Amino acid sequence: MDGKLVMLYVPVRDLKSALAFYRDKMGLVEAWREGEGTVAFKLPASDVELMIDLIDAGSADSSGPMFLIPSVDRFYEENHTTVEFVRKPADIPPGRWASVKDPSGNSMYFIDYSKQV
């Protein structure tokens, strides 16, 4: 895999309580927001961010690392027959993302910034 760890993805069912925990109780500093459901925080002494994302009940998403890779679509094409993709490549504001599960059910996320100029 040709990628760099850029985020820890944490899906949440209640954004207000997640903000109260990560920002107000843990003291993390907000780095950016996307819409009404996604907030990223700076992690101390690190280039990696913690991203909380509002999800619906029953979602297959779980916490896990997010890697920046050159092309999510190419990664999918090269690996879809040997890796369990939970989320096939899809558009997000900065580019594309997808997710896989390891044999124990842990999530790994992959993102590219193909839409950024």
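Is it fair to say Asp61 is under 16 Å from Ile92 (Cβ atoms) and of a type outside the set (Gly, Ala, Ser)? I'd like the intermediate steps shown before the answer.
Values: under 16 Å from Ile92 (Cβ atoms): yes; of a type outside the set (Gly, Ala, Ser): yes.
Here the answer is yes, as Asp61 does meet what is asked.
Does at least one position in the stretch 12-30 carry a residue that is within 21 Å of Pro89 (Cβ to Cβ) and surrounded by 12 or more Cβ atoms within 10 Å (Cβ to Cβ)?
Kept after step one, since they are within 21 Å of Pro89 (Cβ to Cβ), are these residues of the stretch 12-30: none.
No.
Return yes or no: is Leu54 surrounded by 13 or more Cβ atoms within 10 Å (Cβ to Cβ) and farther than 17 Å from Met1 by Cα? Spell out the reasoning first.
Details: surrounded by 13 or more Cβ atoms within 10 Å (Cβ to Cβ): yes; farther than 17 Å from Met1 by Cα: yes.
Spelling it out, Leu54 is indeed surrounded by 13 or more Cβ atoms within 10 Å (Cβ to Cβ) and farther than 17 Å from Met1 by Cα.
Can you name the strands (runs of 3 or more DSSP E) wholly within the stretch 38-111 that have at least 3 residues being touching a residue at least 60 places away in the same chain (Cβ under 8 Å), among the polar types (S, T, N, Q) and under 19 Å from Pro11 (Cα atoms)? Step through it out loud before you land on a result.
Values: elements: 38-42, 49-54, 64-68, 84-92, 95-101.
Qualifying strands (runs of 3 or more DSSP E): none found.
Every number in this text was worked out from the coordinates using simple rules, so none of it is lab data. What you are looking at is a predicted structure, and each value in this text was computed from that prediction instead of being measured. Quick reminder, even Gly has a Cβ in these numbers, built from the backbone with ideal geometry, and neighbours come from all protein chains shown.
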